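Okay, structure first, notes after.
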Amino acid sequence: MILPRLISIDTSIGKLTKDYYSKNKQKSDKAKDVVKFLNENGLIPFITIHHIQEILQHENRGVVFERWSLISMFPTIAWMCSFEDSRAIGSIYDIHQLEVEHLLKAPDSEFEVLRKKFRDR
């Protein structure tokens, strides 16, 4: 089994999108290289409901459309289910809950143990 390599897109999606759709060819080409690199190297964007809210709350509809368009360029997007409702996309609070629960059970855990536990979730 090949384990996915996740990246958090957080607020960086805004700058990447702005550069991707920039009329400045140098910025645009650089952003396109980043998207190409991520896709060619199997890096999967990981989002939470907070990322979606951040994208949608921009007052300019064109910016919102461009951000969603950029996200659609990735063949796969990853998310964690909410602890409260497994049909919903999780939030940063769900991630923190998982971390705290694990640390309460095993306070001496090393980073690699934590990373494996969260990846397997």
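The values are calculated or read from the model by the stated rules, or taken from the named source; none is laboratory data. Computed from a predicted structure; not experimentally measured. For neighbour counting, all protein chains shown are included, and Cβ atoms are generated from backbone atoms with ideal geometry for every residue, glycine included. These area figures cover heavy atoms from the full protein model, side chains too; ligands, DNA and RNA do not enter into them. Shrake-Rupley method; radii C 1.70, N 1.55, O 1.52, S 1.80 Å.
A few points about this structure:
- What the stretch 1-78 shows is 69 Å² of accessible area per residue, with the surface traced by a 1.4 Å probe over protein heavy atoms.
- Mean separation of Cα contacts under 8 Å (6+ apart) over length of the chain, as relative contact order %: 22 percent
- Cα extents of the stretch 1-66 along the three principal axes, largest first (Å): 42, 31, 14
- Surrounding net charge for V35, when Lys and Arg each add one and Asp and Glu each subtract one, Cβ distance under 15 Å: +2
- Atom-type composition of the exposed protein surface of the stretch 10-62 places 52 percent of the accessible area on carbon and sulfur (1.4 angstrom probe).
- Lysine pairs within the chain, Cα separation less than 24 Å, 8 or more sequence positions apart or different chains: 16
- Pairwise inverse Cα distances across the chain, averaged and inverted, put the Kirkwood hydrodynamic radius at 16.1 Å.
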